Amino acid sequence: MAIQNTTIRYGGVTKSLHWLTALLVLALIASGLYAEDLPHETQAQLSQKALFFSIHKTMGVAVFFVALVRIIWAISQPKPGLLNADKKLESWLAETVHWVLYASLMLVPLAGWISHAAASGFAPIWWPLGQGLPFIPKNEAIEHAFTSLHVIAGRVLIGALILHVAGALKHHLIDRDSTLRRMLPGEPPIGPVPAQHGSKVSIATAVAIWLVTLAIGLGLGIMGGEGRSEAAQAPALEQAASEWTVEDGTIGLTVNQFGSTVEGSFADWTSSISFDETVEAGKAGEVTTTISIPSLSLGSVTDQAMGPDFFNAEGFPTATFQADINVASGRYVADGTLTIKDQSVPISLPFTLQVDDNKAQMRSTTTLDRRDFEIGQSVTDASTLGFDVTIDITLTATR
């Protein structure tokens, strides 16, 4: 069997790349659909779900590079003519499906890869070159947009694959020509190839299909991301009466999941602060902070974090920190109680403070153990979900 293509036959390299791609794509579709339906309520379920998503993502990267090699090889080779080129409608459909498949094999895994790179956490890709991509920041809007595109483009890929298989079977079982056999090992007899009519119309049709796919996929992702963002901020907390009014600030958290750092923050929280900066020792004030749990954004695991075994946002929509502000030797500590779900835990929160006239800037970093608040009790393996949660707080307040 010849290595290279001719004008009527496919060579060994093309055949090998074709069937390797077919096996990878079928395994990719199966693993993705299976992983999507797996539950993730317990340690074992979460580990299994992550395992199959890692398999899916790793095979997706493999498909991308195999498809890239296949396309480069196809460009360098003669293209065997269609055996049904005299049937213009059938040949147009066959060529269109081929171009859609070629684009799908690049776009579907690339969209999933961009979504993965933009997301924080969850199942890693098994390769030594890191989880990110150049020029792709950690950004939920990008993640949502390309996740949606990955799903929509994946459906287009499945549809094109079904048409491709159906066409091959028609050629083999009804037309009884060598279209399918010439992609198999060996060199079957091939009769005269009819005159070819080119594929400009087919290319234009495939481009139109993909422009519509891109518009729908990215559009749904952007609109869906906006909807999730709005839902996460509701219901808004009422502003608390306070001697000091918080102008801006963040309450961020960082966890480790499957060896990856996942960063998030609460979009909605209020603080009631009384504070006397002239006190040099002892109690200088009080603070009560209320946090809206549903306003948490935690990358790709936000929905999981809202679940019953974690924050249980439906049953416990707020967390509260009540503390005395104490000062000693110029160092500030908020000593009080943090209540998450129905668990109240004593917390000492050291912080730095800079007061300039009627404006105060505060910053604090501390580490909590999620198990103290019965968060993620079913996940007992720290390599799956770390026990330590780093809290970073910054705020600017005016008197």
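Filtered by the rule that a residue be more than 16 Å from Thr278 (Cα to Cα), of a type outside the set (A, V, I, L, M, F, W, C), in a strand (DSSP E or B) and in contact (Cβ under 8 Å) with a residue 12 or more places away in the chain, region 324-354 gives Asp335, Gly336, Thr337, Thr339, Gln343, Ser348, Pro350.
Please pick out the residue among Ala94, Ala123, Ala103 that is surrounded by 15 or more Cβ atoms within 10 Å (Cβ to Cβ), aliphatic (A, V, I, L, M) and in contact with a Leu (Cβ under 7 Å, 6 or more places away or on another chain).
Values: Ala123 fails: in contact with a Leu (Cβ under 7 Å, 6 or more places away or on another chain); Ala103 fails: in contact with a Leu (Cβ under 7 Å, 6 or more places away or on another chain).
Just one listed residue meets the conditions, Ala94.
Restricting attention to region 30-64, the residues that are within 17 Å of the chain's Cα centre (by Cα) and aliphatic (A, V, I, L, M) add up to 9.
If you go through region 138-166 and keep only what is surrounded by fewer than 20 Cβ atoms within 10 Å (Cβ to Cβ) and over 23 Å from the mean Cα position of the chain (by Cα), you end up with Gly159, Leu161, Ile162, Leu163, His164, Val165, Ala166. Taking first residues from region 162-184 that are in the same structural domain as Glu90 (by TED's automatic domain parsing) and touching a residue at least 60 places away in the same chain (Cβ under 8 Å) and partners that are outside any helix (DSSP H, G or I) and among the basic types (Lys, Arg), the Cβ contacts under 9 Å between residues at least 6 apart in sequence or on separate chains come to Arg182/Arg9.
The residue that is surrounded by the fewest Cβ atoms within 10 Å (Cβ to Cβ), counting only those in region 370-383 that are within 26 Å of the chain's Cα centre (by Cα) and charged (D, E, K, R), is Asp381. For region 88-109, filtered to residues that are of a type in the set (S, T, N, Q) and touching a residue at least 60 places away in the same chain (Cβ under 8 Å), the residue that is nearest to His56 (Cα to Cα) is Thr96.
Quick check on region 295-317. Is at least one of its residues assigned to a strand (DSSP E or B), of a type in the set (A, V, I, L, M, F, W, C) and without any contact (Cβ under 8 Å) to a residue 24 or more places away in the chain? Spell out how you get there, then give the answer.
From region 295-317, those assigned to a strand (DSSP E or B) are 296-297; that's our starting set.
Filter once more, keeping what is of a type in the set (A, V, I, L, M, F, W, C): 296.
Filter again for without any contact (Cβ under 8 Å) to a residue 24 or more places away in the chain, leaving none.
No - not one qualifying residue is present in region 295-317.
The single condition from (1) under 35 Å from the mean Cα position of the chain (by Cα); (2) surrounded by 19 or more Cβ atoms within 10 Å (Cβ to Cβ); (3) within 21 Å of Ser292 (Cβ to Cβ); (4) not aliphatic (A, V, I, L, M) that Gly386 fails is (3). Residues in region 312-339 that are touching an Asp or Glu at 6+ places or on another chain (Cβ under 9 Å) and either of a type in the set (Phe, Trp, Tyr) or outside the structural domain of Asp268 (by TED's automatic domain parsing) (or both): 1 in all.
In region 376-394, which residue that is of a type in the set (A, V, I, L, M, F, W, C) and at pLDDT below 95 is nearest to Ala44 (Cα to Cα)? Please lay out each step first, then the result.
From region 376-394, those of a type in the set (A, V, I, L, M, F, W, C) are 379, 382, 385, 387, 389, 391, 393; that's our starting set.
From what is left, the residues that are at pLDDT below 95 are 379, 382, 385.
On the way: Val379: 8, Ala382: 13, Leu385: 12 Å.
Looking at residues that are of a type in the set (A, V, I, L, M, F, W, C) and at pLDDT below 95, I get Val379.
Check region 39-55 and report whether any residue there is at pLDDT 95 or above, under 23 Å from Lys170 (Cα atoms) and not in a loop (DSSP other than H, G, I, E, B). So far as region 39-55 goes, no, none of its residues is at pLDDT 95 or above, under 23 Å from Lys170 (Cα atoms) and not in a loop (DSSP other than H, G, I, E, B).
Just so you know, in region 129-152 the residues that are modelled with pLDDT under 90 and of a type in the set (S, T, N, Q) include one that is nearest to Ser115 (Cα to Cα), and it is Asn139.
The values are calculated or read from the model by the stated rules, or taken from the named source; none is laboratory data. Please read all numbers here as calculations on a predicted model, not as lab measurements. All Cβ positions, glycine included, derive from the backbone under ideal geometry; neighbour counts span all protein chains shown.
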